[in-house]
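S.K.: Below: one structure in structure tokens.
The values are calculated or read from the model by the stated rules, or taken from the named source; none is laboratory data. Keep in mind it's a predicted model, so treat the numbers as computed, not measured. Cβ: placed from backbone, ideal geometry, glycine included. Neighbour counts: every protein chain shown.
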Amino acid sequence: MSFLIIADDLSGAADCAIGFAGAGLRTVVTLDAAAAPADADVIAADTDTRRLAPSDAAARTAAAFAALRVHGRRLYKKIDSTLRGNWAAEVAALRPLGGLAIVAPAFPATGRVLRGGRVLVHGAPLETTDTWKLEHADRSADVASMLTAVGLTTARLDAAALHEGDGVLAQRIAGVAASGVGALIVDTESEDELRTLARVTLAMSEPLFWVGSGGLAREMASMIERQRENAAPARALNGASSAQAAESAGAPILILVGSLSAVCERQCAMLRERGEVFELIVPPAVLRAGATHPDWPGWRTRIGAALDGRADLLLRIGRDDAFDPGEGAQLSAALAALVEPHFTKTGGLIATGGETARAMLGTAGIGSLHLLEEVEAGVAVCRPLDNTPRAHRPGIVTKAGAFGTDHALYAAWLHLKHRNPASGAAH
């Protein structure tokens, strides 16, 4: 079985696709649709559309689908579980190409569920969260309203429909598809309910595609894993590194943090407390001005000195009164430019925030990643494919900013250090 995942940022592409890698499918994340390896079972394409105008995001999403569409490859539109970005416009662009949109953004493992067509985050309405207030103040987070605003007709199934039996659920969904409705919103509050939705829709022949976060994707992957349990091991990807460690032994790990979320702040605090890391926080003013800022050379030197000393470096974007969430890509690109002369000194990279991850990988000439495993839900471990321009291919962990447990960054650091969290090392 083959899937195309279209995501609007890099960390989202990875956290959505990682379950398929765990199920034994050859899975790749690509920053460039034209560079995706043809022999992958699952291609997760990052269109980098979260900050674009809705019309531009829709056009780029449709173009990615056209470039990567092949017979038998099923479509999954990855969206943020807290509804950030231009997801509704992107779904509208895919609807004429993919059929009925099955919309289920819930990710119960991370506290995000859908009830009454509205996202709850750890039981609180999405509109009350700091993440929503930071980027979408005074906007509605009602899923149906967001889809209606871009011209899609909608219907909704409440969670009770997922407990009526597979046959009844399949009939309900088929009826919605036959009616010409554009998007079916499915309330889901548990992994069992997502699993039911995955099982039923994977078996349906009606034209449809899925719109969800990593939550629904993980349950789809679990269905496939059970089907493949007795199958032969997956073939290696052409161009996928067979070496377990391409980096130099003992080389430092770079932890890049572009997110300013409270979740990420707690994760950094635990990493500082338990890990052996050196921290630098780059002022936004330096990053806004780039190489023209008088302190730019000094910051580049400080970063190089830390890595030359083989210190694991936690490098963060600071915050000031002029901060604007819309400048995230600009600040991340500048941070990557500061690091670039020293990147080959690293033995591993942990990138928090999709814009930050994409900026660093793009600057380093890494266009595609082979997904390997998870540190925890939504925290993906990968390696660059061998077709990257540089021989330097460090281990890489990606994670969305406002995502994961407080332990996530520390666990990722331990993983790249090849330590067992249960062993008592580095506590």
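S.K.: Being among the hydrophobic types (A, V, I, L, M, F, W, C) and in a loop (DSSP other than H, G, I, E, B) is the requirement here; does Ala322 meet it? Can you show your working first?
M.R.: Numbers: among the hydrophobic types (A, V, I, L, M, F, W, C): yes; in a loop (DSSP other than H, G, I, E, B): yes.
Taking the combined requirement at face value, the residue satisfies it.
S.K.: Then there is this: Determine which single condition Gly347 fails, assuming it passes every other condition in (1) over 24 Å from the mean Cα position of the chain (by Cα); (2) under 28 Å from Val379 (Cβ atoms); (3) modelled with pLDDT under 95.
M.R.: (1)
S.K.: Which of the numbered conditions does Thr356 fail, given that it passes all the others? Conditions: (1) outside any helix (DSSP H, G or I); (2) in contact (Cβ under 8 Å) with a residue 24 or more places away in the chain; (3) not aliphatic (A, V, I, L, M).
M.R.: (1)
S.K.: Spot the failing condition for Leu409; the list is (1) surrounded by fewer than 22 Cβ atoms within 10 Å (Cβ to Cβ); (2) in contact with a helix residue (DSSP H, G or I) (Cβ under 7 Å, 6 or more places away or on another chain); (3) at pLDDT 90 or above, and only one is missed.
M.R.: (1)
S.K.: Applying the selection to segment 173-193, what residues are surrounded by 15 or more Cβ atoms within 10 Å (Cβ to Cβ) and over 18 Å from Gly123 (Cα atoms)?
M.R.: Once the filter is applied, which keeps residues that are surrounded by 15 or more Cβ atoms within 10 Å (Cβ to Cβ) and over 18 Å from Gly123 (Cα atoms), segment 173-193 yields Ile173, Ala174, Val176, Ala177, Val181, Gly182, Ala183, Leu184, Ile185.
S.K.: Could you please find all residues in segment 1-11 being at pLDDT 90 or above and crowded, with 23+ Cβ neighbours inside 10 Å?
M.R.: Within segment 1-11, the subset at pLDDT 90 or above is 2-10.
Phe3, Leu4, Ile5, Ile6, Ala7, Asp8, Asp9, Leu10 - these are the residues of segment 1-11 that are at pLDDT 90 or above and crowded, with 23+ Cβ neighbours inside 10 Å.
Listed here are the residues, each with its yes/no results for (1) touching a Leu at 6+ places or on another chain (Cβ under 7 Å); (2) within 20 Å of Arg218 (Cβ to Cβ); (3) in contact (Cβ under 8 Å) with a residue 60 or more places away in the chain.
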site	(1), (2), (3)
Leu100	yes, no, yes
Val103	yes, yes, yes
Thr110	no, yes, yes
Arg115	no, yes, yes
Val119	yes, yes, no
Ala124	no, no, no
Trp132	yes, no, no
Glu135	no, no, yes
Asp142	no, no, no
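S.K.: Look through Ala124, Ala104 and report the one residue that is outside the structural domain of Glu355 (by TED's automatic domain parsing), at negative phi and buried (at least 19 other Cβ atoms within 10 Å of the Cβ).
M.R.: The conditions single out Ala104.
S.K.: While we're on this one: With the requirement that a residue be among the β-branched types (Val, Ile, Thr), crowded, with 23+ Cβ neighbours inside 10 Å and not in a helix (DSSP H, G or I), what does segment 48-76 give you? Show your work before the answer.
M.R.: Filtering segment 48-76 for residues among the β-branched types (Val, Ile, Thr) gives 49, 61, 70.
With the extra rule that they be crowded, with 23+ Cβ neighbours inside 10 Å, the set shrinks to 49, 61.
Thr49 - this is the single residue of segment 48-76 that is among the β-branched types (Val, Ile, Thr), crowded, with 23+ Cβ neighbours inside 10 Å and not in a helix (DSSP H, G or I).
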